[in-house]
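S.K.: Structure in structure tokens, see below.
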Amino acid sequence: MKKPFEEYPKFYLYKRIVQTKLFIDSHYAEKIDLNTIADEAYFSKFHFIRLFKNIYGKTPHQYLTKVRIEKAQEFLQKNHSITDVCFMVGFDSLSSFTGLFKRIVKHSPSVYQRQFFQRLEQIKDVPLGFIPNCFAENKGWTQNSNFQEEQ
Amino acid sequence: MITKMNHVSVFVLNQDSAYEFYVNKLGFKVHTDAPIGPGMRWLTVCPPEQPDLEISLMSIEEGMMFKGAAAKQMRELVSKGTFGFGVFECNDLLATYEEMKTKGIVFKKPPTKEFYGFEALFADDSGNWFSLGQKKN
């Protein structure tokens with residue numbers, strides 16, 4: 001007989017780990033003390049780290065870094081300055097932020113931002129250049145539609 | 001020979017709402033968001049670990065790909081949950097299910113062990129449903 005989700009073993013553990021993951025997702029800009037998080041989830045620090053890594057494939061600290069860098073990319077896309085972005089995502093030092101960003105994204109924040117806006121300009125200038133031909137024939141996708149009714 | 005798929009379309013009722021669902025709830029990445037002309041927008045998103053598969057969120061509007069009554073019929077079919085568009089994968093189904101439920105995503109089937117694997121079914125904001133399976137180790 002199939003079991004409902006709530007009856008799976010260690011269901012309560014999942015709830016706690018997911019809550020900590022969501023906490024990191026929404027508090028990435030703050031100083032997050034992983035000991036405090038583990039305490040709030042009623043785990044020892046090492047047990048917490050092991051469970052978190054089993055589920056997400058990263059330690060909580062690695063996951064926090066990933067979230068911060070992804071948020072930094074989003075803020076750079078909104079044209080915030082690199083210094084502002086550094087502090088907006090919870091880093092204290094510009095050099096550590098740019099170093100980590102470059103290691104993970106493979107481009108420095110300034111190059112990343114410049115390339116993003118260059119692509120945006122290209123999309124604006126030639127939008128159909130970014131759409132496969134099957135979706136939009138050269139002059140627009142209202143013609144030659146595959147989905148038109150027989151007239 | 002065909003080597004891979006790089007685009008797939010999902011028909012949605014509203015692109016703004018679909019953006020909110022796929023990007024802000026599922027955590028997908030925006031690949032291209034381009035206004036094509038009045039009322040036309042090319043919006044594609046990618047699963048976080050699959051940047052080379054663009055899911056095109058196609059708005060069902062009369063005058064784009066659908067003419068006449070076809071748009072109305074298609075909107076009705078989508079909103080009734082007629083279409084299942086694919087199977088997504090995650091590392092841990094129970095954790096993903098718990099997170100998605102916390103974000104208000106509707107499941108048609110909770111995580112269930114089937115003979116073919118461990119899966120759940122969820123619907124997007126338009127009514128399209130997807131299977132969600134756990135990566136096999």
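The values are calculated or read from the model by the stated rules, or taken from the named source; none is laboratory data. It should be emphasised that the depicted structure is a prediction, and the values quoted were computed from it without experimental measurement. Neighbour counts run over all protein chains shown; Cβ positions are idealised from the backbone, glycine included. What goes into the accessible areas is simple: the full protein's heavy atoms, side chains included, and nothing from ligands, DNA or RNA. Shrake-Rupley method; radii C 1.70, N 1.55, O 1.52, S 1.80 Å.
S.K.: Report yes if some residue within the range A:117-140 is more than 9 Å from chain B (Cβ to nearest Cβ) and at pLDDT 95 or above; otherwise report no.
M.R.: Looking for residues that are more than 9 Å from chain B (Cβ to nearest Cβ) and at pLDDT 95 or above, one finds at least one in the range A:117-140, hence yes.
S.K.: Sticking with this one: Please identify the pairs in which a residue from the range B:1-19 that is at pLDDT 95 or above has its Cβ atom under 7 Å from the Cβ atom of a residue that is open to solvent by 70 Å² or more (accessible area, probe 1.4 Å), counting only partners at least 6 apart or on another chain.
M.R.: From residues that are at pLDDT 95 or above, the pairs are B:L13/B:R75.
S.K.: Something else about it: Can you tell me which residue is nearest to B:P48 (Cα to Cα) among those in the range A:35-90 that are of a type in the set (G, A, S) and part of a helix (DSSP H, G or I)?
M.R.: Filtering first and then ranking leaves A:A72.
S.K.: Within the range B:74-110, track down each residue that is surrounded by 19 or more Cβ atoms within 10 Å (Cβ to Cβ) and either touching a residue at least 60 places away in the same chain (Cβ under 8 Å) or away from chain A (no Cβ under 13 Å) (or both).
M.R.: Listed by number, the residues that qualify are B:M74, B:R75, B:V78, B:M100.
S.K.: Got a sec? Which helices (runs of 4 or more DSSP H) wholly within the range B:1-104 have at least 2 residues that are of a type in the set (A, V, I, L, M)?
M.R.: Once the helices (runs of 4 or more DSSP H) in the range B:1-104 are filtered for at least 2 residues that are of a type in the set (A, V, I, L, M), what remains is B:69-79, B:93-102.
S.K.: Quick check on the range A:17-65: of everything there that is touching a residue at least 24 places away in the same chain (Cβ under 8 Å) and open to solvent by 70 Å² or more (accessible area, probe 1.4 Å), which residue is farthest from B:E49 (Cα to Cα)?
M.R.: Once the filter is applied, the top-ranked residue is A:Y42.
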